[in-house]
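Accompanying notes for the structure given below.
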Amino acid sequence: MKAIRVHQFGEPSVMHLEEVPDPRPAAGQILVRIRAAGVNPADTYIRAGAYSFKPPLPYTPGFDGAGAVESIGEGVTHFAPGDRVYLAGSLTGTYAEKALCDSSIVFRLPPHVSFSQGAAVHVPYVTAYRALFHRAQARPGETVLVHGASGGVGVAAVQLARAAGLRVVGTAGSPRGMKLAAAEGAHEVLDHTDPGHFEKALALAAGRGYDVIVEMLANVNLGRDLPILAPGGRVAVVGNRGTVEINPRDAMGRDASILAMSLVNASKQEVAGIHAAIVAGLENKTLRPIVGQEIPLAEAPRAHEAVMQPGSYGKIVLIP
């Protein structure tokens, strides 16, 4: 089979499409023929050697993917060859024609959800769910501000928050992105390239402030998030690309909380529960992954460049 391989950490150009042996499923494992693989910012940090952990070299990138079950190992009874599935990680990486997975991280893909949409599920939706409901403890009736509401995690957060009964304000960096955020459920949408958008956001919260802020770029926004929180407000930090200076008094006066998170810290039980909710949302169509670009697997370096560009719009997926 063909797979993207990384033999040294560095720029996107270190990724190359190579021929590698087909994996074989052992007991409790499933081999999935990948029809689409999701691209996440974390993939780029790992490739660059700048993440909290470094996989042994060489490795195949990718956590997200969707496809059909190719074969199953001994003891796997809840899936059969041909079943449509999406993945919550893999043992061999998803930037490949086939991926080997533990059966516990394989989930059924409803018939109306495309493989490309399935590849847009795991990291964006689990991140958004954990940020909103596990870390920030968002509750129906509260008001949430979703920064970057047109990206993969942002769209997921808007859909999840709206379905849970929150009032949702989103931001995006282009007219196209703003239209998407509104279409996916945001009650109000602001242009985050507008220098005055924090003041406008506070006005949309009736001057009281936000109960929850989902923060995608903490090094840019965190210092301005704290003054627009409501009493007892919470900022869930999902993304960050540098350092930031804040005034702790902005949090102290509101009894506010800054809650950081990383998916690698989620327990197996947490992840299983989140995916149960996600599958239900896919089935009843309250969750609708948005695919912004489909890029051939061989052009993975271009996908890594694209996912880090401003003006995000849905999820980027690779097609083997």
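Express the C-alpha Rg of the range 1-124 as a ratio against the empirical globular expectation 2.2 N^0.38 Å, rounded to two decimals.
Dividing the Cα radius of gyration by 2.2 N^0.38 Å gives 1.02.
So what's the gap between the Cα centers of the range 112-178 and the range 215-238, to the nearest angstrom?
Using only Cα atoms, the two centres lie 16 Å from each other.
Antiparallel versus total DSSP beta bridges in the chain: what percent is that, nearest 5?
Of those bridges, close to 55 percent are antiparallel.
Could you compute the net charge surrounding residue 135? Neighbours are other residues with a C-beta less than 15 Å from the C-beta of residue 135; K and R count +1, D and E count -1.
Cβ neighbours under 15 Å give a net charge of -2.
Place a point 7 Å from Cα of residue 247 in the direction of its Cβ. Which residues in the range 178-213 have their backbone N less than 15 Å from it?
Backbone N within reach: 199.
Projecting each Cα onto the charge dipole of the chain (Lys/Arg +1, Asp/Glu -1 at the beta carbon, about the Cα centre), which of 274, 262, 161 comes out farthest on the positive side?
With unit charges placed on the Cβ atoms, the residue in question is 161.
Taking all protein chains in place and a 1.4 Å probe, what share, in percent, of the accessible surface of the range 1-54 do carbon and sulfur account for?
50
Enumerate the calculated ³J(HN,Hα) couplings along the range 229-237 in order (Karplus 6.51 cos²θ - 1.76 cosθ + 1.60, θ = phi - 60°), each rounded to whole Hz, writing x wherever the residue is Gly or Pro.
Per-residue couplings from phi come out as 7, 7, x, x, x, 10, 9, 9, 8 Hz.
Which value, in debye to the nearest 20, gives the size of the charge dipole of the chain about its Cα centre, when Lys and Arg are +1 and Asp and Glu are -1 at the Cβ?
Approximately 400 debye in magnitude.
Using a simple spin-label model with points 7 Å from Cα along the Cα→Cβ vector, what separation in nm is obtained for residue 24 and residue 284?
Result for the modelled spin labels: 4.5 nm.
Please compute the contact order of the range 58-128 in relative form: average sequence separation of alpha-carbon pairs under 8 Å and at least six residues apart, divided by the residue count, as a percent.
36
Extending each Cα 7 Å along its Cβ direction at residue 298 and residue 104, get the distance between those two points in nm, one decimal.
3.9
Where the only charges are on Cβ atoms (+1 Lys, Arg; -1 Asp, Glu), what is the dipole of the range 1-154 about its Cα centre, to the nearest 20 debye?
Dipole size: approximately 280 debye.
Where the centroid of each part is defined by its Cα atoms, how far is the range 46-86 from the range 262-320 in Å?
14
Working only with C-alpha atoms, what are the Rg and Dmax values of the chain, expressed in angstrom?
Rg, Dmax (Cα atoms, Å): 19.6, 60.
Are any of the pairs 2/54; 54/200; 54/315; 98/285; 54/179; 179/268 more than 31 Å apart by Cα-Cα distance, and if so, which?
Over 31 Å apart, Cα to Cα: 54/200; 54/179; 179/268.
Expressed as a rounded percentage, what relative contact order does the chain have, with Cα pairs under 8 Å and six or more residues apart?
Reported as a whole number, the value is 18 percent.
Percent relative contact order of the range 241-320, based on C-alpha pairs within less than 8 angstrom and at least six residues apart?
It comes to 25 percent, rounded to a whole number.
What are the semi-axes of the equivalent ellipsoid of the range 131-197, taken as the square roots of 5 times the eigenvalues of the Cα gyration tensor, listed largest first and rounded to whole Å?
20, 11, 10
Can you tell me the accessible area per residue over the chain, all protein chains present, probe 1.4 angstrom, in square angstrom?
Result: 42 Å² per residue.
Obtain the nm distance between the two label points defined at residue 259 and residue 183 by a simple spin-label model: each point lies 7 Å from its Cα along the Cα-to-C-beta direction.
It works out to 3.1 nm between the two label points.
Estimate the FRET efficiency between residue 206 and residue 240 by the formula 1/(1 + (r/R0)^6), using the beta-carbon distance for r and 30 Å for R0, to the nearest 0.05.
The value I calculate is 0.55.
So how much slack lies between residue 9 and residue 174, counting 0.36 nm per residue of separation and subtracting their Cα-Cα distance, in nm?
56.1 nm
Let a ≥ b ≥ c be the square roots of the eigenvalues of the Cα gyration tensor of the range 24-73; is it rounded (a/c under 1.5), or, if not, prolate (a/b larger than b/c) or oblate?
oblate
Can you work out the Karplus-derived ³J(HN,Hα) for every residue in the range 287-295? Use 6.51 cos²θ - 1.76 cosθ + 1.60 with θ = phi - 60°, whole Hz, and x for glycine or proline.
Each residue's phi maps through the Karplus curve to give 10, 9, x, 10, 9, x, 9, 10, 10 Hz.
Given the DSSP H assignment, sum -39500 (n - 2.57) over each helix run of at least 4 residues in the chain and divide by its residue total; what's the result at 222 nm in deg cm²/dmol, nearest 500?
-7500 deg cm²/dmol
How compact and how long is the range 173-287, expressed as Rg and Dmax of its alpha-carbon atoms in Å?
Spelled out, the Cα radius of gyration and Dmax of the range 173-287 are 16.1, 44 Å.
Quick one: net charge of residue 235's neighbours, Cβ under 14 Å, K/R +1, D/E -1?
Its environment carries a net charge of -2.
Is the shape of the range 53-200 rounded, prolate or oblate, going by the alpha carbon gyration tensor and its root eigenvalues a ≥ b ≥ c, with a/c under 1.5 for rounded and a/b larger than b/c for prolate?
It is prolate, given that a/c is not under 1.5 and a/b is the larger ratio.
For the range 245-320, build the convex hull from the C-alpha positions and give me its volume per residue in Å³.
Spelled out: Cα convex hull of the range 245-320, divided by residues, is 204 Å³.
For the pair residue 224 and residue 79, what calculated FRET efficiency results from E = 1/(1 + (r/R0)^6), where r is the Cβ-Cβ distance and R0 = 56 Å, to the nearest 0.05?
That pair, residue 79 with residue 224, gives E of 0.75.
Between residue 191 and residue 50, what FRET efficiency comes out of the Förster formula 1/(1 + (r/R0)^6) with R0 = 30 Å and r the beta carbon distance, rounded to 0.05?
FRET efficiency, residue 50 to residue 191: 0.50.
The values are calculated or read from the model by the stated rules, or taken from the named source; none is laboratory data. Computed from a predicted model, the values in this text were never measured in an experiment. In this analysis, Cβ positions are derived from the backbone assuming ideal geometry, glycine residues included, and neighbour counts consider all displayed protein chains. The accessibility values were calculated without ligands, DNA or RNA, using every heavy atom of the protein model including side chains. Shrake-Rupley method; radii C 1.70, N 1.55, O 1.52, S 1.80 Å.
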